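Please read the structure below before turning to the comments.
The values are calculated or read from the model by the stated rules, or taken from the named source; none is laboratory data. Since this is a predicted model, take the numbers as computed values, not measurements. Every residue, glycine among them, receives a Cβ derived from its backbone with ideal geometry; neighbour counts consider all protein chains shown. When the accessible area is computed, the model is the full protein with side chains, heavy atoms only, and any ligands, DNA or RNA have been set aside. Shrake-Rupley method; radii C 1.70, N 1.55, O 1.52, S 1.80 Å.
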Amino acid sequence: MKRATQKVLLLNPPSDRLYIRDQFCSHVSKGTYYWQPLDLLQISARLNAQGYELSIVDAIAERLSAEETQRRISRFAPDALVFMTGSDSFADDVAFIAEVKRRGVGVAVGIGDILREKGEQLMATHPEIDAYLHDFVNNGLHAFLQGRMDDAANMTVRTATGLRKVEERDSPRTFTIPTPPYEIFPLDRYRMPYNRYHPYATIITSSWCPFGCNFCPFARTSYRVREVADVLRNMEDIRRMGFRQMHMADWTFAVDRKQAEAILRGMIKAKFGFTWSCLSRVDLMDRELMGLMVEAGCDLLELGVESGNQEILDRYEKGITLEQIHDTFRWAHELNISTLATFVLGLPGETHEDLQKTLDLALTIEPTFCSFNVASPRMGTELRRQMLADGLIKDDEEGAILDSSRSQPAFSTGQLAAAELQRFRQLAIRKFYLRPSYLLQRLRRISSLVEFQNYASNGLSLIWQSIQSARARRT
Ligand code: SF4
């Protein structure tokens, strides 16, 4: 019997900005890098295993114009498309989708932070959206595409009688997911700023995050672990496909210590030989676990440090201590594992002294890389709710967008003017990256041409942004 839907196109809609979007978060790339769209990868994994004919048009990664994107969609002639959207780009995205449907595509399913936050409200005014996904890992997309609305779990769908939100019947603590068809994605166009090899493959070993960091859209989301054998099978496929670089895109690796250790021991036993990176927290790390990670090929560990002031860490419910930060970075130095420390500058209530403490901490713990982000009241966060309640931002379109690259302050906090915060961010970048000892050390550690190219292009982009920002301040 012929199925209701056979051909599905996965779409990252076009824009001249480098939007990085997923279902919880959307922002603009701060450098020249652009990573693989995790949502579309995981959605493609299930649809591929379910026998759909798939195509991907990642218009942003491929820098496609709107017209060229429409041409590619028409050439494939899908029955349905799944598109990404975000709070920053929503108006443009839905206008594009309306045109796609006008040209004959029957069904459009969205995924993105703004839909998660106010999807039903938006579907009421945008008939071009037929459904949206609440969860890209476990979802009933296959059932929806085959017209079985009762089974369209983790989705809100449009039916003849109105909108319908379909919850999951049971929420298992573990999940499995097939290996994504990496080869249909434009792999050559994706770059992580610190990768050694190109192209790379993305994998997940868990979904979402149980921690409660107040400023983070992933806070207290329904954490689940992927079965160890399923993870190792995916890695075996990655090896078979010839990748040398892998990124574990878990929001927080090693929340489940037993699962993490089992994966790492499995990787060591299988001698995969990948170089890989992941994100985690300092309170989940210890020397033994980090030793296993290094043995399994991890060469970059991204850690949310956020602030050099314990009071700020506590107020925003980060749940870590300065002592844990110092310990983890000391172990990283001892084990020779590269680190990327991320910081948030300008949370409401922060003073200039707090910012200075954060910069001092960055210079003391000496991560390999630092990412200084300005606080942004992102969709779905407790921080956003608090700032709305305090009247610091408005819940209108402008308030929804704010600064999406997290490189320009979008509001003043009372203690810090936006311009002062921006000046401090630029100072922090210069103080950290332009130390002669740092530059020398980086040059010595470069071990591949790809690594050199990444540093050169992102370093130049960073310096260019500093110059632009200084110019903007003078005019
Ligand atoms: S640990 Fe990371 S992903 Fe989890 S809530 Fe905190 S900042 Fe977000």
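So, Asn154, is that one in the same structural domain as Gln50 (by TED's automatic domain parsing), open to solvent by less than 20 Å² (accessible area, probe 1.4 Å) and over 30 Å from Phe274 (Cα atoms) or not? Here the answer is yes, as Asn154 does meet what is asked.
Give region 221-239 a look and list any residue that's assigned to a helix (DSSP H, G or I) and among the aliphatic types (A, V, I, L, M), or say none. Result: Val228, Ala229, Val231, Leu232, Met235, Ile238.
Scanning region 301-335 for residues being more than 16 Å from the ligand (Cβ to nearest atom), touching a strand residue (DSSP E or B) at 6+ places or on another chain (Cβ under 9 Å) and under 23 Å from Pro193 (Cβ atoms) gives a total of 3. The condition of being open to solvent by 10 Å² or more (accessible area, probe 1.4 Å), among the hydrophobic types (A, V, I, L, M, F, W, C) and without any contact (Cβ under 8 Å) to a residue 12 or more places away in the chain holds for only one of Ala66, Ala49, Ala95, that being Ala95. Exactly one residue out of Gly291, Gly273, Gly242 is surrounded by fewer than 17 Cβ atoms within 10 Å (Cβ to Cβ), away from the ligand (no atom under 14 Å from the Cβ) and assigned to a helix (DSSP H, G or I), and it is Gly291.
Of all residues in region 189-224, those being closer than 22 Å to Gly273 by Cβ and either surrounded by fewer than 16 Cβ atoms within 10 Å (Cβ to Cβ) or more than 16 Å from the ligand (Cβ to nearest atom) (or both) number 13. Going by the conditions given, is Leu264 touching a residue at least 24 places away in the same chain (Cβ under 8 Å) and open to solvent by less than 20 Å² (accessible area, probe 1.4 Å)? Taking the combined requirement at face value, the residue satisfies it.
Within the set Thr176, Thr156, Thr221, Thr205, the sole residue that is under 27 Å from Glu306 (Cα atoms), touching a Lys or Arg at 6+ places or on another chain (Cβ under 7 Å) and β-branched (Val, Ile, Thr) turns out to be Thr205. Summed over region 194-219, residues that are of a type outside the set (A, V, I, L, M, F, W, C), within 16 Å of the chain's Cα centre (by Cα) and farther than 29 Å from Leu9 by Cβ total 1. State all residues of region 1-21 that are surrounded by fewer than 21 Cβ atoms within 10 Å (Cβ to Cβ) and not in a loop (DSSP other than H, G, I, E, B); if no residue qualifies, say none. Lys7 - this is the single residue of region 1-21 that is surrounded by fewer than 21 Cβ atoms within 10 Å (Cβ to Cβ) and not in a loop (DSSP other than H, G, I, E, B).
Among residues of region 7-30 that are closer than 18 Å to Glu68 by Cα, those with a beta-carbon under 6 Å from a residue that is assigned to a strand (DSSP E or B) and acidic (Asp, Glu) at least six positions away or on a different chain give the pairs Asn12/Asp58.
Within region 225-236, one or more residues are under 30 Å from Arg385 (Cα atoms) and either within 16 Å of the ligand (Cβ to nearest atom) or in contact (Cβ under 8 Å) with a residue 40 or more places away in the chain (or both).
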